[in-house]
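Shown next, in structure tokens, is the structure this report addresses.
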Amino acid sequence: MKMNRTIRWFGFLGVLAFGVILTGPSEAHGQRTRGLDRGLRINGEGVTKSLKPVIAGVRRSIVRVLGDDEHLALGTIVSRDGLIITKASELKGKKVIQIELFNNKAFDAKVVGKDDKFDLALLRVKAKALPVVRWDQNANRGRGTWVAAPYLEDEAVKLGIIAANRRKIKVVGGVIGIVLGLNRDKRGVPIASVAPNSAASEIGLRPGDVISHVNGNVTKAREVLIKSVTKFPPGERVKLVVLRGMKRMELEAVLRDRSVVFGDKDRFRVANGKLSRRRGGFPVAIQHDVPIRPEACGGPLVDLTGRVVGINIAKVNRSESYAIPADEVLKVIKKLKAGKVVKTGREKENSKAARKG
Amino acid sequence: MRSWIRVSFGLLKFQGLLTILFVYSVGVGATTGSFADEVKKGDVSELKAKPTGKKPEAKPNVRNVVKIPTISKRVKKGPWSKTGAVTLTDLRGIQRQMQAVLPKARKATVSVQIGGGSGSGVIVSKDGYVLTAAHVSRRPGLAATLVFEDGRKARGVTLGLFVGPGGRGGPDAGMIKITQKGDWPYVNMGDSSTLKQGEWCFALGYPAGYDKERGPVMRIGRIIKNQPDTLMTDCTLLGGDSGGPLFDFEGNVIGIHSRIARPTDWNFHAPVDAFRDKWVEMIESERVVYDPDGVASPNTPFLGVQTAETTKGLVVDAVVKGSSAAKAGIKKGDLILMFDKKKPRNPGRLYELVKNKKVGDAVIVTVKRGKVEMSLRIKLGRRGLR
């Protein structure tokens, strides 16, 4: 979709980068040292082992969430009688949901409800006397507060700080997977190339095709086309009118994540490993710099007292992760327990479309 | 000469490995809709200058009073000064201190907008001197807009640079002066030379551009390496952080974000001492070239050729733009037969011969171009200042 612009922009960046890239440590200095011992760096053992007493209690309240025998996410035990909160979008399309406790005991889980805005799902397992987390509901925990993400594995924990203001996180737009041509066409925007493994390749778009409408809106200008697509998140369907020669086609494309379609083109964001598929569109979130793994979402984010300040919900890039703050998580749990299912507008539409299909 | 060659080698070796952290808001606006949109919406209000009756100067007049900022030493010892393993009590102490110095640090950290790009910066004096990265300020005399955490804006102009030869590498130090009158929130400049591996530090910046709801983003880490031209930490930086400040635990700036490589603990910052060392030159909008051998001092003579030893003799591979060699008409491909009546067999020998002269000395250089031999009278320039 925006590949074209991206290419030009990275081309520019590339040139600049070549100009500014440094030689690295100069050998002439005779100071080529190995640097600080790995164990003493922020997530080295010499630092994280100090968290042992903090996470000892919490770790027993973390569960592994499996879907059709595949590890999907972590979950956090929120009631003694078997309620567990986790990241909802990771469960998508899985028939059998199971959870595993710290002691490797496995349980079948039922989905009590989902809140698609916060991307949280409440699970229930038939169990008693489960260890429940302690919450910290102070909504004003700001920058410079230590936070840690404990994992299930023995003593595994990652450390960081709250990094920015608690706020609404915008939707991360999806892409069709086309590079826009520069030549003008009175009817719409021509396609220069089609990315493999994208909605565009799936529905058979070809270079030379012209996109004249998106969701019924005329898209003669590139900017209009870009805007009308990227305002929707990955997973969303958009209706396209595509002109090929004299032929007019009406097609539907399911948008995909730009990092999936275009790979690691986002050089300035340097991914450093896998990112969460859903990384935006949360009504409220805490931003922190704990280097969590995407499959650790659904697990707790704790402060130095071991209280849960939030539930990890997305790994965004090399230095940014989001958690839904504890006070909001508790509100969501209350709603879902009462049987309320919270859906975003697009989820409703999608489920309708799915029923139709 | 030698350092220049080394840089070119370094470039080949490291090409594609390091990423600069500047962000083009055109691109960012298109991808995330964050920065460019915000500004257009009028979300950021202009900071009003106090009525002075005078128009802001296009270029600040700094030649009259040049006061080099003093070193704000780290005096308070605490768990953040520890270089080894930490305890839970240490972490608590670090948190307390971090939160104590944060408010002032946040106020002095700005988003820097120049042309279509967006980076970060930090104010280090009441009258509005701003430290940033050279690849953000780009060159002296450009108009810059600085955006504060609360959305207020200030106008500024870019000053000098302290960079490697040809603008590549080196400390990547740049500066901006706020041209509007006012008392600006600022932080002190710390001491980067004495930073030890393992000391704790924190970073602020505006990754991916200004975002009012989000505010400046904070990262924490430790000093991994301290080298004369660069600091390495595990404060994980992103595009747009470029020019943003790295702080010690007393809230003094110790570095300016410059570049990253793929591993999360490869984050590089210009040491603050580099700014202090070249303060006068930079505020006078000079371009200072960093030379690891220290031969860039104003008294080091400079010819301006990159040479290679071949079977035919010493051949010129490249001529530095604006250098004495360029002015005298030496061209790529020329063979250097004689330098001041001596025969340079290899680049190292030529380097020695040049070094033993003085800036301003006139020497006779004999070159062979094709079949033509020429003797040129060349007045040696100075290294670094071109």
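On the given criteria, is B:ALA105 in the same structural domain as B:ARG219 (by TED's automatic domain parsing), in a helix (DSSP H, G or I) and closer than 22 Å to B:SER193 by Cβ?
For B:ALA105, the condition - in the same structural domain as B:ARG219 (by TED's automatic domain parsing), in a helix (DSSP H, G or I) and closer than 22 Å to B:SER193 by Cβ - is met.
Could you say which residue among B:VAL367, B:VAL319, B:VAL305 is over 30 Å from B:LYS177 (Cα atoms), outside the structural domain of B:MET175 (by TED's automatic domain parsing) and touching a Lys or Arg at 6+ places or on another chain (Cβ under 7 Å)?
Matching residue, one of B:VAL367, B:VAL319, B:VAL305: B:VAL319.
Of the numbered conditions (1) surrounded by 22 or more Cβ atoms within 10 Å (Cβ to Cβ); (2) within 9 Å of chain A (Cβ to nearest Cβ), B:GLU213 fails exactly one; give the number of that condition.
So B:GLU213 meets the others, but not (1).
Within the range B:267-289, is there a residue that is within 11 Å of chain A (Cβ to nearest Cβ) and charged (D, E, K, R)?
no
Can you name the condition, by its number, that B:PRO263 falls short on among (1) part of a loop (DSSP other than H, G, I, E, B); (2) over 30 Å from B:ARG152 (Cβ atoms); (3) in contact with a strand residue (DSSP E or B) (Cβ under 8 Å, 6 or more places away or on another chain)?
Failed condition: (3).
Considering A:SER89, A:SER79, which residue is at pLDDT 95 or above and closer than 27 Å to A:ALA338 by Cβ?
A:SER79
Let's see how each residue does on (1) of a type in the set (Asp, Glu); (2) within 22 Å of B:ASP127 (Cα to Cα); (3) facing chain A (nearest Cβ under 10 Å); (4) in contact (Cβ under 8 Å) with a residue 60 or more places away in the chain:
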site	(1), (2), (3), (4)
B:GLY169	no, no, yes, yes
B:MET175	no, yes, no, yes
B:PRO185	no, yes, no, yes
B:GLY198	no, no, yes, yes
B:ALA208	no, no, yes, yes
B:ILE220	no, no, yes, yes
B:ILE224	no, no, yes, no
B:MET232	no, no, yes, no
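Between residues in the range B:65-94 that are within 12 Å of another protein chain (Cβ to nearest Cβ) and within 20 Å of A:THR305 (Cα to Cα) and residues that are part of a loop (DSSP other than H, G, I, E, B) and among the aliphatic types (A, V, I, L, M), which pairs lie under 9 Å by C-beta distance while being six or more apart or on different chains?
B:PRO79/B:VAL86; B:LEU88/A:LEU304; B:LEU91/A:LEU304; B:ARG92/A:LEU304; B:ILE94/B:VAL86
Within the range B:320-365, count every residue that is at negative phi and in a loop (DSSP other than H, G, I, E, B).
First, pick out the residues of the range B:320-365 that are at negative phi: B:320-321, B:323-328, B:330-332, B:334-339, B:342-359, B:361-365.
Restricting the remaining residues to those that are in a loop (DSSP other than H, G, I, E, B) gives B:320-321, B:323, B:330-332, B:334, B:343-346, B:356-359, B:361.
Looking only at that region, the number is 16.
Looking at B:ARG259, B:ARG222, which is the one that is crowded, with 24+ Cβ neighbours inside 10 Å and farther than 23 Å from B:GLY169 by Cβ?
Result: B:ARG222 is the single residue among B:ARG259, B:ARG222 that is crowded, with 24+ Cβ neighbours inside 10 Å and farther than 23 Å from B:GLY169 by Cβ.
(1) crowded, with 16+ Cβ neighbours inside 10 Å; (2) in contact (Cβ under 8 Å) with a residue 40 or more places away in the chain; (3) in contact with a Phe, Trp or Tyr (Cβ under 8 Å, 6 or more places away or on another chain): which one isn't true of A:GLY144, the others all being true?
For A:GLY144, the failing item is (2).
The values are calculated or read from the model by the stated rules, or taken from the named source; none is laboratory data. The structure presented is a predicted model; accordingly, all values stated were derived computationally and were not measured. Cβ atoms come from the backbone with ideal geometry, glycine included; neighbour counts cover every protein chain shown.
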